[in-house]
Amino acid sequence: MTQFTPILKRINDSLDLPQPIKSRIILEMASDLEDAYIFYLQKGLNKNEAAQKAEEKFILTDEALSELTQIHQPLFRKFMDKLFDQAQTRWEKVILFLVLLSITTIGLKIIFTTQFFFRASNFVWLILCLFFGIIIISLAKAYQFYIKKDHNIKRLRIGLPIILILGGANLFVGIFGYTIELYSTTRTPMYSGLFDALVTVIENNNDAFFNSVESVMKCSSMAMVCTLVTISTAIIWFFLNNKIKKIEQAEAALLLET
Amino acid sequence: MNLPDFGIPNLTKNCNEILILAILFKEKKHGYQLALEIEERSESQFKFNHGTLYPILHKLEKKGLIRGTWKQEGPKRKRKYYSITTKGKKYATRQLEEWQLFFNQFFNIAGEIKK
């Protein structure tokens, strides 16, 4: 803990920036503050006066703070930080965990207790491949944070955007696949829409109705998988992001103490 | 001619940018050294509050006009040194020409006061 810790903490608190950027600014200021202090000592001031003079030189005005924020803050990051700051309490985390658990349970139950894979659209396989990728990256990150305990600031966020990209790709495939499946259903004479099928089943009592229903089920199952994967991805990303923020904050605290 | 923005709020900031680039032409320096050298060489005409120094330095760095590199000094101390880039040198030279032209024209007219 240095004599400048209070002022550095104040600056740290007033900078609305992601922690690694904030830490670097604080680190830069800390070394300059020390220099200014030594300079005033050499000029003949006593320790208190020198420290006070040095601190006076480092007062960041509101204008300077907003300028620094403007220079360093990526818009996307700002949005994400705001979003995830909303879920910080323990109860909110517990609820999120329960949501993830429920989704996983329901998802697995549906997949293993119905003839899901026999009825599923081909797009489901693509969605599952993307989810497999997300799981692999998430496990790698979990290994890095919790088992290997590699908390190197530069490596913390590597791979995290890929989770988001894969999650987005999954959503795109889901919507695209759903549209294509629905379109091909209505284009096939045999499944010419639910209304026609209902008329047909009433009049002729044949299989057309059941085929149409099966086709709609195919689309629904895909939409369901896509939604489950998207929600799971968002929650996984949230947990990892929260862990990264904690590591970054711990680094900043350590920085202020040395 | 693309004149520097001489609106009163920007005047000091523009001045500071050029002064920082000029000091870095010679050798790389860290933030405090820069502020101190400008203050001493200008005989305190240009006084730097560090609150204004960091936004300028970081803006110049973002623009690619200067480059900041971290150097370990001692076991616990890290320092950020700034050096001017090629782009920064070109920018500073162009800015200086514009300032010179602007002030030449200004004193051409304002000089009448003394005559």
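The values are calculated or read from the model by the stated rules, or taken from the named source; none is laboratory data. Worth saying up front: this structure is predicted, and the values here are computed from it rather than measured. Methodologically, a virtual Cβ is constructed for each residue, glycine included, from the backbone with ideal geometry; neighbour enumeration extends over all protein chains shown. Side chains are part of the model used for accessible areas, which takes the heavy atoms of the whole protein and leaves out ligands, DNA and RNA. Shrake-Rupley method; radii C 1.70, N 1.55, O 1.52, S 1.80 Å.
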Original post:
Hey, can you list the residues from region B:54-86 whose accessible area shrinks by 50 Å² or more with all protein chains present, relative to the chain by itself (probe 1.4 Å, no ligands or nucleic acids)?
Top reply: B:Y54, B:P55, B:H58, B:K62, B:W70, B:R77
**OP:** Find the eigenvalues of the gyration tensor of the Cα atoms of chain B, then list the square roots of 5 times those eigenvalues as equivalent ellipsoid semi-axes, largest first, in whole angstrom.
**Re:** 30, 16, 12
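Give a quick list of GluC sites (Glu not before Pro) in region B:21-107 that DSSP marks as loop, anything other than H, G, I, E or B, with at most 15 other Cβ atoms within 10 Å.
Here the GluC sites (Glu not before Pro) that fit, given the DSSP loop and packing criteria, are B:E27, B:E43, B:E73.
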Original post:
Any idea of A:V99's accessible area? Nearest 10 Å², probe 1.4 Å.
Top reply: 60
Original post:
With every protein chain present, what accessible area does B:R67 have (1.4 Å probe, heavy atoms only), rounded to the nearest 10 Å²?
Top reply: 130
**OP:** Give the interface area between chains A and B as buried accessible surface, both sides summed, probe 1.4 Å, in Å² to the nearest 100.
**Re:** 2100
Original post:
Using alpha carbons only, how many degrees (0 to 90, rounded to 10) separate the axis of helix B:31-41 from the longest principal axis of chain B?
Top reply: 40
**OP:** Under 1.5 on a/c is rounded, so check that first for region A:1-58, then, if it is not, pick prolate when a/b is larger than b/c and oblate when it is not; a ≥ b ≥ c are the square roots of the alpha carbon gyration tensor eigenvalues.
**Re:** prolate
**OP:** Measure nothing but the geometry: give the 0 to 90° angle between the long axis through the Cα atoms of B:50-62 and the longest principal axis through the Cα atoms of chain B, rounded to 10°.
**Re:** 90
Original post:
Which order do A:D13, A:D150, A:D32 take when ranked by solvent-accessible area (1.4 Å probe, heavy atoms of all protein chains), largest first?
Top reply: A:D13, A:D150, A:D32
Original post:
Roughly what angle does helix B:86-110 make with the longest principal axis of chain B, taking Cα atoms, 0 to 90 degrees, to the nearest 10?
Top reply: 30
Subject >> For region B:23-44, residues shielded by at least 40 square angstrom of accessible area compared with the chain on its own, probe 1.4 Å >> reply: B:Y32
